[in-house]
Amino acid sequence: MDYTHQTALVPCGQDKYMSKNELLLHLKTYNLYYEGQNLQLRHREEEDEFIVEGLLNISWGLRRPIRLQMQDDHERIRPPPSSSSWHSGCNLGAQGTTLKPLTTPTVQISEVDVPAESSETPSPTDSRGLKPVQEDTPQLMRTRSDVGVRRRGNVRTSSDQRRIRRHRFSINGHYYNHKTSVFTPAYGSVTNVRINSTMTTPQVLKLLLNKFKIENSAEEFALYVVHTSGEKQKLKNSDYPLIARILQGPCEQVSKVFLMEKDQVEEVTYDVAQYIKFEMPVLKSFIQKLQEEEDREVEKLTRKYTVLRLMIRQRLEEIAETPETI
C-alpha cells in the first residue's frame, strides 16, 4: 500500500477531523501488526473521498438472550456436519463443499423410500428414524436445548450451499433452529463484519444484526471500546467504528470493541478507571487524602475571602468618615 504524504482531512466523528497523513500512519501501524492476516485494512479514494475498508472484530458482551430468525425466505437451513460435532457445526470448504468429519457419528437410519401403504413403523427414538449423538458446544452458552438433525431426502448442490452461506451466517460456527433460536452468545467470543470508514455506529450495528439474522432491534444495543484498565467508551451515533478501532491501535489485549446492551452498561471514564482495580482499603485511604486536601483548600479560601471582606469594610468606613467636598 502507498502511504504517501497527504494533506486532506478525514472525518472521524461529529465535527471532528484528522489529517489523511496522520490516519495513514495509524493505518500503516495497524497493517504491520496484522501482517499476513485477513484483518489487514485497505484504503482507496472514491470521488475525492478517502475510504478505509476491511474486517472489524467485535466481541459479544450481552447479558440478555437474543432472538434469531428461524428461516430465510421460508427456506429451512440444514446444518452440514463438521469435524467437532455431527449436528451443531457449519464447516464449509472454500468451494462450498461440506468437509467430512474426522469420525463417523453413531446414527440409526431407517428406510425412507418405502411405499405409502407400508406397515413399517419408525424407531421409537425418533419419528424420522434418526438417533443422533447430542453434545453441547463449549463456545456457546445456550438457553435450553441442543440442535437436532433434520434428515432430508435431497442433497443440496455446492452452489446452493454457497448461496445459503452468503445469505445467513452462523455464530461460533452454528446455525440454530426453533429450539435454540433464543440464546446468549458466550461473553468475549469474537465475530467480525466487513465495513468501511464511512459507516457510522448505527449502520455497523444493523449490518451485524442482519448478518446473523437477529430479530432484536438495533436500538437495543451499542458499541463500546473497552480497555483492559476498565475504561468503557460508548461510540456515538456519529462515530465511525472502523476509524475508532484504527486510532485505538490494533492490539486487542489493550482494547476491544464490544457489542453490549445500551441500558445495561455505563461508561467509565479514564479518571475513574484508574481506581477500579484497587482494593477497598487503598480506595478508602485515597478518599481520606482527598478529604484532607479538600479541607485545606476550603480553609485557604475562607481565609482569603475573610481578609478581602475586612479590607472592603475598612474602606467603606474610611469613605463614610471623609467629609463631602463640593
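Quick note: the coordinates plus some simple rules give every number you see, no bench work behind them. Bear in mind the structure is a predicted one, so any value in this text is a computation, not a measurement. We place every Cβ from the backbone using ideal geometry, glycine too, and count neighbours over all the protein chains shown.
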Check your understanding: If you line up the Cα atoms of the stretch 278-326 on their principal axes, what length do they span on each, largest first, in Å?
Key -> 74, 12, 7
Exercise for review: Return, ordered by residue number, the residues of the stretch 26-66 whose backbone nitrogen is under 14 Å from a label point located 7 Å along Cα→Cβ of THR184.
Suggested key: 60-66
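Kirkwood Rh and Cα-based Rg: tell me the resulting Rg over Rh for the stretch 202-326, rounded to two decimals.
Values: Rg = 27.6 Å, Rh = 19.9 Å.
Reported Rg/Rh, Kirkwood definition of Rh: 1.38.
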Review point. Lysines near LYS206 by alpha-carbon distance under 29 Å, same-chain residues fewer than 8 away left out - which ones?
Key: LYS16, LYS20, LYS28, LYS179, LYS232, LYS234, LYS236, LYS256, LYS262
Practice item. For an R0 of 25 angstrom, estimate the FRET efficiency from the Cβ-Cβ distance between LYS284 and GLN264 and round to the nearest 0.05. Key: 0.30
Practice item. Per residue of the stretch 296-303, in order, report the coupling 6.51 cos²θ - 1.76 cosθ + 1.60 (Karplus, θ = phi - 60°) as ³J(HN,Hα) in whole Hz, putting x for Gly and Pro. Key: 5, 5, 5, 5, 5, 5, 4, 4
Check your understanding: What's the percent breakdown of Cα-Cα distances in the stretch 11-66 across 5 Å bins, shortest bin first?
Key -> 4, 14, 20, 21, 16, 11, 8, 5, 1
Practice item. Pull up all non-local amide H partners of VAL193: gap of 5 or more, or a different chain, and H-to-H distance under 5 Å with H placed in the peptide plane. Key: LEU56, ILE58
Practice item. Divide the volume of the convex hull of the Cα atoms of the stretch 201-273 by its number of residues and quote the answer in cubic angstrom per residue. Key: 93 Å³
Exercise for review: Enumerate the amide H contacts of PHE221 below 5 Å, restricted to partners 5 or more residues apart or on another chain; note that Pro and chain-start residues carry no placed amide H.
Suggested key: LYS262
Review point. Considering the alpha-carbon set of the stretch 240-307 alone, what are its Rg and its Dmax in angstrom?
Key: 19.9, 57
Practice item. Could you list which residues have their amide H under 5 Å from that of ALA186, counting only those 5 or more apart in sequence or on another chain, with H placed in the peptide plane? Key: MET141
